[in-house]
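S.K.: First the structure, then my questions, so here it is.
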Amino acid sequence: MKRALVSVSDKTGLVEFVSGLVEQGYEIISTGGTKKALEKAGLNIIGISEITGFPEIMDGRVKTLHPKVHGALLCVRSNPDHVRQIKELGIDYIDLVCVNLYPFKQTVEKPGVTHEEVIENIDIGGPSMLRSAAKNYASIPVICDPNDYETVLEEIKTNGETTLETREKLAAKVYRHTCTYDNYIATYLENRIAK
């Protein structure tokens, strides 16, 4: 059975997309608020702690930064040594990643926002998962934009998987997205120093 890791701040179209993945035979792994939203919609969800064997800690700051997540994402499936290693370590593949990031820019723009609140909206695990999956786009579709849900789901329904061309486009979008996100953070800190 294929597995999808889903962890999003922007939940636009999420239930419909994940329901479609479930209909196509995917198990769904999720975290925090995303897991709650999907369970509320009646979907059966595997918590990330069930995968890692480790609880979410530090108010959720650490939950997906784990070898059972990143090993599953970065394993080159055509490399026998990689495949041997994950089998020996009891790591199962993750076959699709759907992640969008904490709303950093929107948080900065909120009236009266505190510096502490801004810092807590710097996403660490999200960009890490996006970048790991995007690096391995040969095997894994990675979605950071709800506008891509329909294309991905339609290809999976039609072909059983996404095309390599689509995965490459999605990977490029991820790197553009994380680059822009990091630029917002750098600009915020630079402006703070300049005051």
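Where a number appears in this text, it was derived from the coordinates with a stated rule and is not lab data. A quick note: this is a predicted structure, and the numbers were derived from the prediction, not measured. Cβ atoms come from the backbone with ideal geometry, glycine included; neighbour counts cover every protein chain shown.
S.K.: Mind giving me the FRET efficiency for residue 105 and residue 168? R0 is 25 Å, r the Cβ-Cβ distance, nearest 0.05 is fine. Could the numbers behind the result be given before it?
M.R.: Details: r = 27 Å, r/R0 = 1.06.
My answer for the efficiency is 0.40.
S.K.: For segment 1-63, build the convex hull from the C-alpha positions and give me its volume per residue in Å³.
M.R.: On the way: hull volume 4.8 nm³, N = 63.
Spread over its residues, the Cα hull of segment 1-63 gives 76 Å³ apiece.
S.K.: Could you sort the peptides 50-56, 63-69, 163-169 by per-residue average Cβ neighbour count (10 Å cutoff), highest mean leading? Before the final figure, lay out the partial values.
M.R.: Working: 50-56: 13.6, 63-69: 18.4, 163-169: 15.1.
Ranked by mean Cβ neighbours within 10 Å, highest first: 63-69, 163-169, 50-56.
S.K.: For every other residue with a beta carbon closer than 13 angstrom to the beta carbon of residue 92, add +1 if it is Lys or Arg and -1 if Asp or Glu, then tell me the sum.
M.R.: On the way: positive: 2, 3, 68, 77, 87; negative: 27, 50, 88, 95.
Counting the neighbours of residue 92, the net charge comes to +1.
S.K.: Quick one, what does Rg over Rh come out to for segment 94-160 if you take C-alpha atoms and the Kirkwood Rh? Kindly include the intermediate steps, with their values, before the conclusion.
M.R.: Values: Rg = 15.4 Å, Rh = 13.7 Å.
My calculation of the ratio gives 1.12.
S.K.: Note the full-extension length gain between residue 78 and residue 116 as 0.36 nm times their separation in residues minus their Cα-Cα distance, in nm to one decimal. Mind dumping the intermediate values first?
M.R.: On the way: separation 38, 0.36 × 38 = 13.68 nm, distance 4.41 nm.
Extending this stretch completely gives an extra 9.3 nm.
S.K.: Now, a different point. So for segment 36-79, what are the equivalent ellipsoid semi-axes in whole Å, largest first, each being the square root of 5 times an eigenvalue of the Cα gyration tensor?
M.R.: Numbers: eigenvalues 106, 53, 12 Å².
They are 23, 16, 8 Å, listed from largest to smallest.
S.K.: Here is a follow-up. Once R0 is set to 35 Å, what does the formula 1/(1 + (r/R0)^6) return for the Cβ-Cβ distance between residue 124 and residue 154, expressed as a FRET efficiency to the nearest 0.05? Write out the running numbers ahead of the final one.
M.R.: Details: r = 32 Å, r/R0 = 0.92.
With R0 = 35 Å, the Cβ-Cβ based efficiency is 0.65.
S.K.: Give me the one-decimal Kirkwood hydrodynamic radius in Å for segment 15-126, with the sum taken over alpha-carbon pairs.
M.R.: Averaging 1/r across every pair of different Cα atoms and inverting gives 16.0 Å.
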